[in-house]
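The values are calculated or read from the model by the stated rules, or taken from the named source; none is laboratory data. Since this is a predicted model, take the numbers as computed values, not measurements. Counting neighbours? That spans all protein chains shown, and the Cβs are built from the backbone with ideal geometry, glycine included. Side chains are part of the model used for accessible areas, which takes the heavy atoms of the whole protein and leaves out ligands, DNA and RNA. Shrake-Rupley method; radii C 1.70, N 1.55, O 1.52, S 1.80 Å.
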Amino acid sequence: MSEPLRHPGWAVDPPAGSPDRELVDNVHPPDWTNPTPAGRYHLVVLGAGTAGLVTAAGAAGLGAKVALVERSLMGGDCLNVGCVPSKGVIRAARGWHEARTAAERFGAPAAEGDGEFAEALERMRRIRADISSHDSARRFAGLGVDVFLGDARFLGPDAVAVGDARLEFRRAVIATGARAAAPPIPGLEDAGYLTNETVFDLRERPRRLAVVGAGPIGCELAQAFRRLGCEVTVLEMADQVLVREDPDAAKIVQEALLADGVTLELGVAVKRVERTGGATGDGERRVHFERGRKAGSVAADQVLVSVGRKPNVEGLDLERAQVRHGPQGVEVDDRLRTSNPRVYAAGDVSSKYKFTHVADAEARLVIQNALFLGRKKASDLVVPWVTYTSPEVAHVGLYEKDAREQGIEVDTITVDLHAVDRARLDGEGAGFLRVHLEKGKDRILGATLVSEHAGETISELGLAITAGVGMEEIAATIHPYPTQAEVVKRAADQWRRGKLTPTVQKALGAWLKVFR
Ligand SMILES: Cc1cc2nc3c(=O)[nH]c(=O)nc-3n(C[C@H](O)[C@H](O)[C@H](O)COP(=O)(O)OP(=O)(O)OC[C@H]3O[C@@H](n4cnc5c(N)ncnc54)[C@H](O)[C@@H]3O)c2cc1C
């Protein structure tokens, strides 16, 4: 038998006919019977999030005998409590924002009323349930993968246990992901708080939401919940939001949050949280903070904590498998191999880039390296990422500071988004594209784009970096008019103009004088 579902954000037995019922039936079916282990596996995969699913499906597709072990919901964070629900909620919030502002911006009919918060979240749950069939236990069994539902732990360097079953392997992949880190704030545990594992389960709009942490998840959700009608206060230790981003990009997001009516308490240390209302879990909380010597507090109906991610390594008995790990998770070399040459790791449990597309890329790399004598290196991956605020911030490759740390001098080109007609027609606010090139060369090192749909446009630059395509070729590529992607062409044109030395300019001028 499989082990029963344990997940903090989920009713173990959602009501019949509900989207959550459909989802659980797909990704942790209560009637699932674990198979009998089939001798030694080519590959045992621990964890069925993106990294685990992609590894298992890819290896099985190539003919390997694969076992996949999941203790909670297949699909992992991305499907259940991460990318999918957050982007569903963000889409609803954009819709609400557009409806509210359309009269003023476009002369549209005025929108009135508070909106149906519960319906916005239920829409997300319906879509999530629908998507979940792709990650379902039955689908993976159909792909030839032995799916085990239960806790995986190592028995030794070449065997894993799930319940009473012993799975022996030639190779194993640890893909157990990460979870929300809980900061040691006095009173927080007793007061009760939300994380990404529980926030998408809200059925009622919290009137006041305090968000602790202004990283990508904190900013995305703060803005979305504000647009869905909550009074939102963000508390952040740094003096700005999105500290790891290009400072100009972070500044635009910060101003957008303020413009939406989010209250920002920056440069504060959260000292204590107390429950001031009833003891039912719905009561009021008060978040106490200090800025320098000044103390302040914020009242909230719910507190959402988003202060970073912690790798899931507990309970795996990694010592028995001779797999080294530390605070950053499972330690891997550039080929994603752990200290046990039979065991690899991929995704959030070991990667410094905690994104679904990186988990996916690492899984593909592991299949080649673990099973087919591949020599692929993680450091060769060109990694893009996006913060899905409004406007979005998309980045790929190196920031200027990374390049300098690596001893590479850079040329930087910045194009204001308002130089692009389509951006103006779309009514975009502040934004820009910034491209870093190796000094004096046509080699793109990295780029940051701030625009409403920056995530869609950044891939052109990702492809350019991956394929070694430079600005010369981008400038020679016809971009349809009017599109937002023209911002990339604008940057290439600007780069070209910068190449015109005074001597060349003089020579061209002289030629044109003669050529009349
Ligand atoms: C709110 C939020 C929004 C996000 N938005 C985006 C986004 O827009 N784009 C993006 O690219 N990324 C996003 N991410 C990050 C993305 O969700 C993760 O990078 C991705 O899920 C990592 O996949 P993974 O397979 O490494 O781990 P996970 O998805 O965490 O999967 C690990 C799986 O292992 C299982 N497991 C753990 N321990 C055991 C055990 N002992 N035995 C068996 N199973 C075990 C877990 O239950 C889990 O299902 C977001 C994350 C959050 C929290």
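Restricting to the range 12-29, and then to whatever is within 21 Å of residue 69 (Cα to Cα) and of a type in the set (A, V, I, L, M), can you tell me which residue is modelled with the lowest pLDDT?
Here the answer is 12.
Going by the structure shown, is residue 392 more than 30 Å from residue 157 (Cβ to Cβ), in contact (Cβ under 8 Å) with a residue 12 or more places away in the chain, out of contact with any Pro (no Cβ under 9 Å at 6 or more places or on another chain) and within 11 Å of the ligand (Cβ to nearest atom)? If you could, list the steps in order and put the result at the bottom.
On the way: more than 30 Å from residue 157 (Cβ to Cβ): yes; in contact (Cβ under 8 Å) with a residue 12 or more places away in the chain: yes; out of contact with any Pro (no Cβ under 9 Å at 6 or more places or on another chain): yes; within 11 Å of the ligand (Cβ to nearest atom): yes.
Answer is yes for this residue.
Can you pull out every residue in the range 156-192 that is among the hydrophobic types (A, V, I, L, M, F, W, C), more than 13 Å from the ligand (Cβ to nearest atom) and over 16 Å from residue 312 (Cα atoms)? Step through it out loud before you land on a result.
Step one: filter the range 156-192 for residues among the hydrophobic types (A, V, I, L, M, F, W, C), giving 159-162, 165, 167, 169, 172-175, 178, 180-182, 185, 188, 191.
Right, trim to more than 13 Å from the ligand (Cβ to nearest atom) and you get 159, 169, 182, 185, 188, 191.
Selection gives 159, 169, 185, 188, 191.
Could you check, for the range 140-157, whether at least one of its residues is touching a His at 6+ places or on another chain (Cβ under 8 Å) and modelled with pLDDT of 95 or more? Reasoning before the result, please.
Filtering the range 140-157 for residues touching a His at 6+ places or on another chain (Cβ under 8 Å) gives 149.
Among the residues that remain, those that are also modelled with pLDDT of 95 or more are: 149.
Yes; the residues of the range 140-157 include at least one that is touching a His at 6+ places or on another chain (Cβ under 8 Å) and modelled with pLDDT of 95 or more.
Kindly provide the set of residues from the range 272-289 that are exposed (fewer than 15 other Cβ atoms within 10 Å of the Cβ) and not small (Gly, Ala, Ser), ordered by number.
Selection gives 276, 280, 282.
Any residue in the range 305-317 that's within 13 Å of residue 47 (Cα to Cα) and modelled with pLDDT of 95 or more: show its pairings with residues that are more than 8 Å from the ligand (Cβ to nearest atom) and not in a strand (DSSP E or B) at Cβ separation under 9 Å, as long as the two are six or more apart or on different chains.
Qualifying pairs under 9 Å: 311/327; 311/328; 311/350; 313/323; 316/323.
Could you grab me the full set of residues in the range 314-332 that are in a loop (DSSP other than H, G, I, E, B) and either at positive phi or over 23 Å from the mean Cα position of the chain (by Cα) (or both)? Quick ask: steps written out before the conclusion?
First, the residues of the range 314-332 that are in a loop (DSSP other than H, G, I, E, B): 314-324, 327-328, 331-332.
Residues satisfying the conditions are 315, 316, 317, 318, 319, 320, 321, 322, 323, 324.
Run down 110, 165, 93, 103 and say which single residue is open to solvent by 70 Å² or more (accessible area, probe 1.4 Å), hydrophobic (A, V, I, L, M, F, W, C) and more than 24 Å from residue 359 (Cα to Cα).
On the way: 165 fails: open to solvent by 70 Å² or more (accessible area, probe 1.4 Å); 93 fails: open to solvent by 70 Å² or more (accessible area, probe 1.4 Å); 103 fails: open to solvent by 70 Å² or more (accessible area, probe 1.4 Å).
Selected residue: 110, the only one of 110, 165, 93, 103 that is open to solvent by 70 Å² or more (accessible area, probe 1.4 Å), hydrophobic (A, V, I, L, M, F, W, C) and more than 24 Å from residue 359 (Cα to Cα).
Looking only at the range 55-78, which residues are among the aliphatic types (A, V, I, L, M), farther than 13 Å from residue 370 by Cβ and surrounded by fewer than 24 Cβ atoms within 10 Å (Cβ to Cβ)? Let's see the steps before the verdict.
Taking the range 55-78 and keeping what is among the aliphatic types (A, V, I, L, M), we get 56-57, 59-60, 62, 64, 66-69, 73-74.
Next cut, farther than 13 Å from residue 370 by Cβ only: 57, 60, 67-69, 73-74.
Across the range 55-78, the qualifying residues are 57, 60.
State all residues of the range 317-350 that are within 12 Å of the ligand (Cβ to nearest atom), closer than 15 Å to residue 179 by Cβ and open to solvent by 10 Å² or more (accessible area, probe 1.4 Å); if no residue qualifies, say none.
348, 350
Look through 307, 303 and report the one residue that is within 15 Å of the ligand (Cβ to nearest atom) and either assigned to a loop (DSSP other than H, G, I, E, B) or crowded, with 19+ Cβ neighbours inside 10 Å (or both).
Details: 303 fails: within 15 Å of the ligand (Cβ to nearest atom).
The conditions single out 307.
Which one is surrounded by the most Cβ atoms within 10 Å (Cβ to Cβ) among residues in the range 79-90 that are within 30 Å of residue 261 (Cβ to Cβ) and touching an Asp or Glu at 6+ places or on another chain (Cβ under 7 Å)?
81
Surrounded by fewer than 18 Cβ atoms within 10 Å (Cβ to Cβ) and of a type in the set (Asp, Glu): does that describe residue 246?
Working: surrounded by fewer than 18 Cβ atoms within 10 Å (Cβ to Cβ): no; of a type in the set (Asp, Glu): yes.
Spelling it out, it is not the case that residue 246 is surrounded by fewer than 18 Cβ atoms within 10 Å (Cβ to Cβ) and of a type in the set (Asp, Glu).
Return the pair list, or none, for Cβ contacts closer than 9 Å from residues in the range 52-79 that are free of Cβ contacts under 8 Å to residues at least 24 places away in the same chain to residues that are within 7 Å of the ligand (Cβ to nearest atom) and open to solvent by 10 Å² or more (accessible area, probe 1.4 Å), at least 6 apart or on different chains.
Sorted first by the residue in the range 52-79, then by its partner, the list stays empty.
For residues in the range 214-242 being free of Cβ contacts under 8 Å to residues at least 60 places away in the same chain and more than 16 Å from residue 298 (Cβ to Cβ), which is nearest to the ligand (Cβ to nearest atom)?
241
For the range 93-100, indicate whether the set of residues that are within 26 Å of residue 372 (Cβ to Cβ) and either in a loop (DSSP other than H, G, I, E, B) or away from the ligand (no atom under 16 Å from the Cβ) (or both) is non-empty. Don't jump to the end; show me each part of the working.
Initial filter on the range 93-100 (within 26 Å of residue 372 (Cβ to Cβ)): none.
No, there is no match, as no residue in the range 93-100 is within 26 Å of residue 372 (Cβ to Cβ) and either in a loop (DSSP other than H, G, I, E, B) or away from the ligand (no atom under 16 Å from the Cβ) (or both).
Can you tell which of 358, 382 is under 23 Å from the mean Cα position of the chain (by Cα) and near the ligand (Cβ under 8 Å from one of its atoms)? Walk me through it before giving the result.
Numbers: 382 fails: near the ligand (Cβ under 8 Å from one of its atoms).
That would be 358, the only listed residue that is under 23 Å from the mean Cα position of the chain (by Cα) and near the ligand (Cβ under 8 Å from one of its atoms).
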